[in-house]
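Below is one structure, written out as C-alpha cells; comments come after it.
The values are calculated or read from the model by the stated rules, or taken from the named source; none is laboratory data. None of these values were measured; they are calculated from a predicted model. Cβ: placed from backbone, ideal geometry, glycine included. Neighbour counts: every protein chain shown.
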Amino acid sequence: MGASGFLGSHVTAQLVERGDDVRVWTRPSSSAHAFEDLPVRHFRSELTDDAALREAMDGVDTVHYCVVDARAWLRDPAPLFETNVEGLRHALDAALAAGVRRFVFCSTVGTIGRTEGGGLADEDSPHEWGHLGGPYIQARVAAENLVLGYCRDRDLPAVVLCVSTTYGAPDPGSPHGRIVADAALGRLPVHFGGSALEVVGIKDAARAFLLAAENGRVGERYIISERPMSWRELVTTAARATGARPPRFGVPLPVLKVLGLLGDLAGRLLRRDTVMTSVSVRLMHFMPPLDHGKATRELGWHPSPTGDSVSEAALFFAERHRRAAG
C-alpha cells in the first residue's frame, strides 16, 4: 500500500524481484509511474472505501503499509490525522478481516524518544517531545499507537518499522530528494549549518520490510536508520558525485530558527502553507542519534553506507536532467 511513493515503490520492486505475487494499492489520484513496468495487480481506491480495501487484501499473506502524509508544515493539521490515523484504521480493519499473516507498518524515527546526555536512543526510549514536533509528529505517534493497540487488543500480527530519511535511486520525486538534486546540479548556494538528520539508503530501508515480514516479532518496533548525517555532508556528497561545486556556506542554526518563525508569521498573514516553519526547522536538528542494533539482531538487517545511496541519487538526478535538456 502506497506503492506510488518513494519507499513503497522500492518495497514493491524488491518483492517483484524476489518472485512474489504482488498486488499494489494506491489512491485514484496517485501516479503509477513508479511501478508501471512491473508485473503487479493494481488496486485503486480511497482509504475510506472498506469494500475496496477488503477486496485488495483478500487472500493476501502480507501487507506492507507505506501510506503517509508527511507534510509537517501544514497550517491545518486535519489532513495529517485523516490519512495517517483515520485512513490507517480502515486498512487495519481490512487486514483483520482478511486474516493476513503480517502487517508491516511504516512509521518514523520521529516516534523515538530522546535520551539524556546525548546518548544513543533506541526503541525503548519513551517519547516525550510530541508537543515540540507539531501535528505531524503527533499524528505519527497516534498512528503507531493505533497499530500497536490493534496488536494488543485485536491480535493483529503487525510489525512497526521506524524509518529515517531515505535517499537513493530511482526517486520518483521525494521532497528531501530535491535537495540532493539541487546539490548534484550545482544549484544549492548554501546548506543548513549546525544541523543533522538520521538517514538510510532507500534500498536498505525497503529490504527491512521484507526482513520484518519474515523475522519481525509481532507488536515490536524496529529502528531503520543507518546513522546521523549533517546537512553539509549530505549536500557535499551529492555535489562531489557529479563534479558540481558544493555549497560553501552554511546557514547557522539560530538563523534557521528565525527563518522558521518568519515562516510561521508569513503563513498566518498570508493564510497559506509555508514549508519553512518553526516546526520544520526543529525537525531538522531535534532528533538524537539512534541505535539500530535491534533490527540487526532480530531482523538480520545490515545497512550499507548511506553516502553511497546519496551519490547514487545525485547521479540519477543529473542523468534525468541531462535527458530532459535533450
Taking the stretch 210-233 and keeping residues out of contact with any Pro (no Cβ under 9 Å at 6 or more places or on another chain) and under 17 Å from residue 299 (Cβ atoms) leaves 210, 211, 212, 213, 214, 215, 216, 217, 220, 221, 222, 223
All but one of (1) under 27 Å from residue 204 (Cα atoms); (2) touching a residue at least 60 places away in the same chain (Cβ under 8 Å); (3) part of a loop (DSSP other than H, G, I, E, B) hold for residue 60; which doesn't? (2)
Check 161, 148, 156 and return the single one that is within 16 Å of the chain's Cα centre (by Cα), modelled with pLDDT of 95 or more and of a type outside the set (Phe, Trp, Tyr). 161
In the stretch 13-55, residue surrounded by the most Cβ atoms within 10 Å (Cβ to Cβ) [restricted to those that are assigned to a helix (DSSP H, G or I) and either basic (Lys, Arg) or touching a residue at least 40 places away in the same chain (Cβ under 8 Å) (or both)]: 53
Which condition number does residue 212 fail, the rest of (1) under 21 Å from residue 320 (Cα atoms); (2) of a type in the set (Gly, Ala, Ser); (3) more than 15 Å from the chain's Cα centre (by Cα) being met? (1)
Determine which single condition residue 276 fails, assuming it passes every other condition in (1) within 21 Å of the chain's Cα centre (by Cα); (2) assigned to a helix (DSSP H, G or I). (2)
Close pairs (7 angstrom Cβ cut-off, 6 or more residues apart or separate chains): under 13 Å from residue 179 (Cβ atoms) in the stretch 236-249, assigned to a strand (DSSP E or B) anywhere: 247/190; 247/191
Looking at the stretch 247-262, is at least one residue modelled with pLDDT of 85 or more, within 18 Å of residue 167 (Cβ to Cβ), part of a loop (DSSP other than H, G, I, E, B) and not charged (D, E, K, R)? yes
Search result, residues across the stretch 86-132 that are small (Gly, Ala, Ser) and free of Cβ contacts under 8 Å to residues at least 12 places away in the same chain: 99, 117, 130
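For every residue, the table says whether it meets (1) surrounded by fewer than 16 Cβ atoms within 10 Å (Cβ to Cβ); (2) more than 30 Å from residue 102 (Cα to Cα); (3) among the aromatic types (Phe, Trp, Tyr).
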| position | (1), (2), (3) |
| --- | --- |
| 200 | no, no, no |
| 222 | no, no, yes |
| 249 | yes, yes, yes |
| 253 | yes, yes, no |
| 269 | yes, yes, no |
| 277 | no, yes, no |
Would a scan of the stretch 130-143 turn up a residue that is part of a loop (DSSP other than H, G, I, E, B) and either in contact with a Ser or Thr (Cβ under 9 Å, 6 or more places away or on another chain) or within 28 Å of residue 90 (Cα to Cα) (or both)? no
When you scan the stretch 95-118, how many residues do you find that are over 17 Å from residue 219 (Cβ atoms) and in a helix (DSSP H, G or I)? 7
Which number in (1) out of contact with any helix residue (DSSP H, G or I) (no Cβ under 6 Å at 6 or more places or on another chain); (2) within 30 Å of residue 222 (Cα to Cα); (3) surrounded by fewer than 19 Cβ atoms within 10 Å (Cβ to Cβ); (4) in contact (Cβ under 8 Å) with a residue 40 or more places away in the chain marks the one condition that residue 292 misses? (3)
